[in-house]
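The values are calculated or read from the model by the stated rules, or taken from the named source; none is laboratory data. None of the values given here were measured: they were computed from a predicted structure. Cβ placement follows ideal geometry from the backbone for every residue including glycine, while neighbour counts extend to all protein chains displayed.
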């Protein structure tokens, strides 16, 4: 059986911004592998309500089983941090990306554990500029794909 090495790099297109990101195979191996396996993702952004400068996917992406431990738990997020939110109890199982300072919060500003699964490494300025417009212009079409 042939062993195939999958790229750690993904491409994220948010509106007109195109960037490259690396997945954290060492810190979040199961979640990174599950995200890669779910690609390509075509969706749209939804500005997070309580969590700061970040957006999440509109659709749900069940990357991990309900009882799976959350890998590489993130507290404070910075622009370019990619997270997986396994919010099964709320029905929100999302991929999200910060475009500034953020922390994943539930209503009443209660911190929520999320997995930091990757980080944008190229094209961050364009990504931030496009994402900052969501609150004014509405959702962006997004595509997340594996690099070949």
>> Against the conditions (1) more than 16 Å from residue 24 (Cα to Cα); (2) in a strand (DSSP E or B); (3) at pLDDT 95 or above, where does residue 95 fall short? Just the number, please.
In response: (1)
> Taking the condition closer than 26 Å to residue 132 by Cα, out of contact with any helix residue (DSSP H, G or I) (no Cβ under 7 Å at 6 or more places or on another chain) and modelled with pLDDT of 95 or more, does residue 21 pass?
Replying inline: yes
> How many residues does region 98-115 hold that are over 13 Å from the mean Cα position of the chain (by Cα) and not in a strand (DSSP E or B)?
Replying inline: 5
> Could you list, in sequence order, the residues of region 37-80 that are buried (at least 18 other Cβ atoms within 10 Å of the Cβ), under 13 Å from the mean Cα position of the chain (by Cα) and not in a strand (DSSP E or B)?
Replying inline: 48, 61, 63, 79, 80
>> residue 125 - would you say it is under 16 Å from residue 16 (Cα atoms) and part of a strand (DSSP E or B)?
In response: no
>> Which of the numbered conditions does residue 25 fail, given that it passes all the others? Conditions: (1) in contact with a strand residue (DSSP E or B) (Cβ under 8 Å, 6 or more places away or on another chain); (2) part of a loop (DSSP other than H, G, I, E, B).
In response: (1)
